[in-house]
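Here's the structure we're looking at; comments come further down.
Any read-out appearing in this document is the output of simple, stated calculations on the displayed coordinates, not a laboratory observation. Note that this is a predicted model, so its numbers are computed, not measured. Every residue, glycine as well, gets a Cβ built from its backbone with ideal geometry; the counts of neighbours run over all protein chains shown.
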Amino acid sequence: MNAKQLGKDIMRHFSTGVSYMVPVVVAGGIITSVATIIGGQGVWTETETFWGVMRMIGQTGLNFVVPMISAYVAYSIADRPGLAPGFITGLIAFTMGTGFLGGMVTGLCSGYLAKALKGINLPARVQSLKVMFIIPIVTTLCIGLLLWYVVGTPIAWLTTSLDAWLNSLQGAAAGAMGAILGAMMAFDMGGPVNKIANTFGNAAFVEGAYQSSTLVLMAISIPPTIVFLATLLDRKKKLYSDAERETSVTAMIMGLCGITEGTIPFALGDPLRVIPSIVVGTSLSCALAGIFGIVYPVLLTTYMAIPFANNIPVYLVCVAVGSLVGALMLNALRTLKLKKQEAAEATE
Amino acid sequence: MKVVAVTACISGIAHTYMAKSGIENACKAIGASCHVETQGAMGIEDRIPQDEIDAADVVIFAVDTTVTERDRFEGKKVLEVGTSECVKDAAGVVARAIELVG
């Protein structure tokens, strides 16, 4: 197997892990967010009140994120034998404070070791012994020891430094971060590039690096807003077909619920003009939010998070400016296209 | 020509199903029969029965993740692509799959 194929396989295993992890982040993140917002910061240390209990439920979910990703990366590689070692080593990674990064490493190691052990040919009478005892015990013990004595501490250090660095970003640096994350989120509207940025945002949220999670989360509903706004601004109804108008409304409704994918049908009709426009607009919104230090400590998307932003008017301006620029850019590109078509028709 | 396919994307809510309808339409257009199984956020839906897999000429995996229960497809000719390729150009993907079996 060559390096390129291996890289592709690893990406696919990470993607599988993330796909199983998403509901855990959503359940844990949103329940925790609501509990801390309504119940106040006191809920973090008690379970005497309702909001305290709710925080406990959500936080239990968040504590499960790292073991979950570890287990399902391993599962993707080795199938069922990967699950047990993946969960156990993932939980150790979590308690060691290695975060997401640690979970991915333990998942990969457990998965590949379990897979290798699966491939060993033993005499038929001990074959069942292999599945029952050898694979789970050997894999869990080897990767557990490797994590504790060798790779765990450096990864934990790396995670802590990364979190500290992310939280220290200000002004232009935070703006640059926002520009990149926003562009990635808009680029394929829910596809693999979007999911890389999204996973980063989820990881940052779980680690408490709220500025980075904000820059990712706020991007989610901006592409649908841009296409919806573009069709609205086209007052003379010359630039867009009726079908496009309809899909832009659907996109906007899905966008309000925090789903970027609704924009895809619209974008597929004219990707060369739509994608650059939404990338520029979303990137601009997130860059502005980074520069002005917009932060919300909740796992909610663009519009649902408005009440929780640290500076609501500035946040709204950031979202509006990017959306408007994106929409105007799209309409300008479409006007050029229309003129080109008219010119072509005139010469025929 | 009998085509069976599995689609699966990371969040399992949009690309999975768009790839499915893309493949179904592309197969319909060329008169091929097809059965598309989705492995989205809801788990496996429209599961392909084993006898249909055995009878299929070619298998398409339009996936960004690992195919669940992949061993069902052991020994089949498989074309593996990402979901976004199927969303953009399903006809091209189906054509490539058919080329694979000649």
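Structural remarks
- Order of A:THR159, A:THR106, A:THR60 - criterion: other Cβ atoms within 10 Å of each residue's Cβ, fewest first: A:THR60, A:THR159, A:THR106
- Ranked A:TYR20, A:TYR303, A:TYR149, criterion: other C-beta atoms within 10 Å, fewest first: A:TYR149, A:TYR303, A:TYR20
- Cα→Cβ-extended label distance, 7 Å offset, between A:PHE133 and A:ILE38, nm: 5.3
- You can think of it this way: the chain between A:GLU342 and A:THR49 has 98.7 nm of extra reach, that is 0.36 nm per residue less the Cα-Cα gap.
- J(HN,Hα) series, the stretch A:29-41, from Karplus relation 6.51 cos²θ - 1.76 cosθ + 1.60, nearest Hz, glycine and proline x: x, 6, 4, 4, 4, 4, 4, 6, 5, 7, x, x, 5
- Counting, for every residue in B:7-18, the Cβ atoms of other protein chains within 10 Å of its Cβ and taking the mean gives 6.
- With the simple model of a label 7 Å out from the Cα in the direction of the Cβ, A:LEU158 to B:ILE30 spans 4.4 nm.
- Rounded if a/c under 1.5, otherwise prolate or oblate - the stretch A:169-347, Cα gyration tensor axes: prolate
- Hypothetical label at B:SER21: residues of the stretch A:232-253 whose amide nitrogen lies under 16 Å (7 Å Cα-Cβ projection): A:243-253
- Compared with the dominant Cα axis of chain A, that is its longest principal axis, helix A:271-291 is turned about 70°.
- Over the stretch A:170-216, relative contact order from alpha-carbon pairs under 8 Å, at least 6 apart, %: 35
- Whether the protein assembly as shown is rounded, prolate or oblate, judged on the alpha carbon gyration tensor where a/c under 1.5 counts as rounded: oblate
- Helix-only [θ]222 nm of chain A, DSSP H runs n ≥ 4, -39500 (n - 2.57) each, per residue, nearest 500: -26000 deg cm²/dmol
- One Cα centroid belongs to the stretch A:140-185, the other to the stretch B:54-91; the line between them spans 34 Å.
- Note that the stretch A:195-207 has calculated 3J(HN,Hα) couplings of 6, 5, 4, 5, 5, 4, x, 4, 4, 4, 5, 4, 7 Hz, one per residue in order, obtained from phi through the Karplus relation 6.51 cos²θ - 1.76 cosθ + 1.60 (θ = phi - 60°); glycine and proline are x.
- Burial order of peptide ranges A:116-125, A:179-188 (average beta-carbon count within 10 Å, highest first): A:179-188, A:116-125
- Peptides B:12-24, A:325-337 ranked from most to least packed, by the mean per-residue count of other Cβ atoms within 10 Å: B:12-24, A:325-337.
- Taking 4.7 Å between C-beta atoms as the pairing limit, the protein assembly as shown has these partnerless cysteines: A:CYS109, A:CYS142, A:CYS257, A:CYS286, A:CYS318, B:CYS9, B:CYS86.
- When B:CYS34, A:CYS318 are sorted by how many other C-beta atoms sit within 10 angstrom of their C-beta, beginning with the fewest, the order is B:CYS34, A:CYS318.
- Taking the helices alone, chain B has a mean residue ellipticity at 222 nm of -12500 deg cm²/dmol, built from -39,500 (n - 2.57) per DSSP H run of at least 4 residues and averaged over all its residues.
- With a simple spin-label model that places each label point 7 Å from the Cα along the Cα-to-Cβ direction, the separation between A:THR60 and B:ASP51 comes to 4.6 nm.
- Derived scalar couplings between HN and Hα for the stretch B:14-25 equal 10, 4, 3, 7, 5, 5, 4, 5, x, 5, 4, 5 Hz in order, rounded to whole Hz, by the Karplus curve 6.51 cos²θ - 1.76 cosθ + 1.60 (θ = phi - 60°), x for Gly and Pro.
- Pairwise centroid distance, computed over Cα atoms, of the stretch A:64-123 with the stretch A:218-243, Å: 45
- Amide H contacts under 5 Å for B:VAL58, placed H, 5+ residues apart: B:LYS2, B:VAL4
- Gain upon complete extension [A:ASN121, A:TRP165; 0.36 nm per residue less C-alpha separation]: 11.0 nm
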